[in-house]
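Q: Here it is, the structure in full.
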Amino acid sequence: MAAYWMTEALPLAITALIPVFAFPLLGILSTGECCLVYMKETNMMFLGGLTVAIAVEHCNLHKRIALFVILHVGQSPRRLMAGFMLTTMFLSMWISNTASTAMMVPIVDAILVELYATRSKKQEENATAIDMSVTSGQNQLELSPAGENGVSDGHNAIDTNNHEVEKEDKITDEEIDAANAEVFRQRHIMRRALLLGVAYSANVGGTGVVTGTSPNLVLMAVLQDSFSEPTGLNFATWMAFNVPGMILCVILAWIWLQVLFMGLFRKQSPIQQSTPERTAAVRRLIRQKYKELGPMTHHEATVLTLFIILVLLWLFRAPEFVPGWSAWFKDAFEGVEVDDATPAMLIVTLLFILPARLNFWCFRNPKDPEPPQPSPACMNWQVVHEKIPWGVVLLLGGGFAMAEGANKSGLSAWLGDQLVAFDVMPKEAIVFVVSLMTAMLTEVASNTATASILLPVLKEMALNISVNPLYLMLPAAVCCSYAFMLPVATPPNAIVFSAANMKSADMMKAGFIMNIICVVVITVMINTLGVALFDLQHMPPWANSTINALN
């Protein structure tokens, strides 16, 4: 399965179905046990979160957020790059990385056309000079004395002025061509920089929340299946740890792309320069596109409200520092556990119930001549059916099945024993090697498959060398999203590679440094903020009890 996932000899979703027939025939798991693993609570949480994200796209709320942020960040090349990257990062936390990238590409193109217009300032001056010369000649014609001499003098004035302008125009045509060529080159460089920034932000943004990308969910599922006690990693603590690292990675990516394309330390770099006229034109364009969306509709307001409620329910289900709302149900119904899939499916159901328009009962205008019609719901099944990547659902299930089979057969424990040799290295060095190895592997393999293969092994390795499992597993899960080098690594990379018409070598050169930057960031974060949040310097009680149970 690992070989098929890396080579894509079969579709990823079909490879994920291999355990259904292989494990029973090999005597590892019964068919019923294997099939139950494919639709766990984690998968239901993934489906719920993804459906809410699709609802955000369906009502165009994501575009309104993007244009609002870009409009208020600024319109200079540096500020535009920051605006695009921060917006893409935020959106990819909640909606799919592919959708956030695909939405940004046409906005980038439209803004660059205004920022690097091919009509130069000298052309505007020439056009103004021609108008003034004609007007001046006409005025002289009107003010000249009546008779043959007067008319002749007026025409001579027009001819003389036009001749001077044409002479100047012949000289400036070459200059204009050269200027336009330079402007085109600058726009091409800036386009590559902006699009790479969008791709990097989309990949990094998925690490900010548990539902942002599949490897995060794989980690949560492996921990849930391996340890009976709470591990301290939930929606709130995940954000507390990963959001600062995510923001830091995006800031460093912004700096790196400026160094590479815009000359960060060269104040007179032509790429970062922009005339006030161009900046004003870009602002007018963004403002126009924002106005075209019109005022916020009832559909958008309802989806936004439900989205905020869902995030709050996830954050305060079991926040650790105070009792969460799920504890009320656990106490009231004798140990019933309420996990993150429950609020997700509650919000999804409300999306299919609440109306998108208020055009009924007391909300209807009595003077409306049209007959009343039923309002559609905020979400419909056709949109969900078309936009949910069902193959990813199977891919997650296949990863869970493989992890379950590896645990039952003892393969994970055996692999963990073989990796005890790493115990001679400092813990910090082990984290760096594991993170770098994961980031390189995810360049050529699906990030979900990479997480499904590595995380169970890293769990056993951590237990065997007496290290908190989160110390190795959390950085590895995050690094599964650090695929910046190859177009085939992630859908955002493929979209940007095609849109920017760049060479693979260009993407690899920029992406290699990004991989190193992000691996260093996650190594530093897990040894500072991670230690403070999860007490990673000591073996936690939940891991010790599991070891005793296994022994």
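The values are calculated or read from the model by the stated rules, or taken from the named source; none is laboratory data. This structure is a prediction, so every number in the text was calculated from the model and none was measured. Note that we place each Cβ from the backbone using ideal geometry, even for glycine, and neighbour counts take in every protein chain shown. Calculation scope for accessible area: heavy atoms of the full protein, side chains included, ligands and nucleic acids excluded. Shrake-Rupley method; radii C 1.70, N 1.55, O 1.52, S 1.80 Å.
Q: For a 31 Å ceiling on Cα separation, which of these pairs sit above it: 63/503; 40/387; 291/387; 40/459; 291/503; 40/509?
A: On the way: 63/503 29 Å; 40/387 21 Å; 291/387 27 Å; 40/459 20 Å; 291/503 37 Å; 40/509 40 Å.
Over 31 Å Cα-Cα: 291/503; 40/509.
Q: Pop the C-beta distance of residue 538 and residue 35 into the FRET formula with R0 = 45 Å and round what comes out to the nearest 0.05.
A: On the way: r = 39 Å, r/R0 = 0.86.
With a Förster radius of 45 Å, E is 0.70.
Q: Further question: As an exercise, identify the chymotrypsin sites (Phe, Trp or Tyr not before Pro) in region 185-265 lying in DSSP coil whose Cβ has no more than 12 other Cβ atoms within 10 Å.
A: On the way: sites: 200, 227, 235, 238, 241, 254, 256, 261, 265; in loops: 227, 265.
Sites meeting the loop and neighbour criteria: 265.
Q: Expressed in nm to one decimal, what extension gain is obtained for the pair residue 382 and residue 512 from 0.36 nm per residue of sequence separation less their Cα-Cα distance? Kindly include the intermediate steps, with their values, before the conclusion.
A: Working: separation 130, 0.36 × 130 = 46.80 nm, distance 4.03 nm.
Additional length available on full extension: 42.8 nm.
Q: Counting only protein chains, not ligands or nucleic acids, how are 78, 185 ordered by accessible area (probe 1.4 Å), most first?
A: Working: 78 55, 185 105 Å².
If we order 78, 185 from most to least accessible, we get 185, 78.
Q: Out of every Cα-Cα pair in region 204-268, what percent are more than 15 Å apart? List each step's numbers first, then the result.
A: Values: 1284 of 2080 pairs.
Summing the P(r) of region 204-268 above 15 Å gives 62 percent of all pairs.
Q: Taking amide H positions as placed in the peptide plane 1.01 Å from N, state which residues far from residue 377 in sequence (5 or more) or on other chains have amide H under 5 Å from it.
A: So residue 377 has HN proximity to 356.
Q: Which of the GluC sites (Glu not before Pro) found in region 273-345 are in a DSSP loop and have at most 13 neighbouring Cβ atoms, other than their own, within 10 Å?
A: Numbers: sites: 277, 292, 300, 320, 334, 337; in loops: 320, 334, 337.
When the GluC sites (Glu not before Pro) of region 273-345 are filtered for loop state and at most 13 Cβ neighbours within 10 Å, 334, 337 remain.
Q: Ignoring ligands and nucleic acids, what accessible area does residue 113 show with a 1.4 Å probe (Å², nearest 10)?
A: 80 Å²
Q: Accessible area, 1.4 Å probe, largest first: how do 378, 35 sort?
A: Largest to smallest exposure gives the sequence 35, 378.
Q: For residue 308 and residue 113 in one chain, what is 0.36 nm times their gap in residues minus the Cα-Cα distance, to one decimal in nm? Spell out each step's value before the answer.
A: Details: separation 195, 0.36 × 195 = 70.20 nm, distance 3.54 nm.
Taking residue 308 through residue 113 to full extension adds about 66.7 nm, to one decimal.
Q: Carbon-plus-sulfur fraction of the accessible area of region 398-511, 1.4 Å probe, in percent? The partial results should precede the final answer.
A: Details: 2610 of 3940 Å².
Answer for region 398-511: carbon and sulfur cover 66 percent of the accessible area.
Q: Tell me the net charge near residue 400. Cut-off is 11 Å between Cβ atoms, residue 400 excluded, with +1 for each Lys or Arg and -1 for each Asp or Glu. Can you show the working numbers first?
A: Numbers: positive: 40; negative: 41, 225, 404.
Counting the neighbours of residue 400, the net charge comes to -2.
Q: FRET efficiency for residue 420 and residue 185, Cβ-Cβ distance as r, R0 = 51 Å, nearest 0.05?
A: Details: r = 56 Å, r/R0 = 1.09.
The calculated FRET efficiency here is 0.35.
Q: Let me make sure I get this right: for region 205-339, a, b and c are the square roots of the gyration tensor eigenvalues over alpha carbons, sorted descending. Under 1.5 in a/c it's rounded, otherwise prolate if a/b > b/c, else oblate. Which is it? Spell out each step's value before the answer.
A: Values: a/c = 3.99, a/b = 1.79, b/c = 2.23.
It is oblate, given that a/c is not under 1.5 and a/b is not larger than b/c.
Q: Ok, one more. At 1.4 Å probe size, with no ligands or nucleic acids counted, give the accessible surface of residue 498 in Å², nearest ten.
A: 90 Å²
Q: Please find the FRET efficiency linking residue 408 to residue 503, where r is the Cβ-Cβ separation and R0 is fixed at 45 Å, and quote it to the nearest 0.05. Write down the numbers at each step before the final one.
A: Working: r = 47 Å, r/R0 = 1.04.
Calculated value: 0.45.
Q: Right, here's the next one. Counting other Cβ atoms within 10 Å, keep those with at most 10, restrict to DSSP loop, and tell me which trypsin sites (Lys or Arg not before Pro) in region 444-551 are left.
A: Numbers: sites: 459, 503, 509; in loops: 503.
Of the trypsin sites (Lys or Arg not before Pro), the ones in loops of region 444-551 whose Cβ has at most 10 other Cβ atoms within 10 Å are 503.
Q: At 7 Å along the Cα-to-beta-carbon direction for both residue 315 and residue 21, put a label point, then send me their distance in nm to one decimal.
A: A separation of 4.8 nm, rounded to one decimal place.
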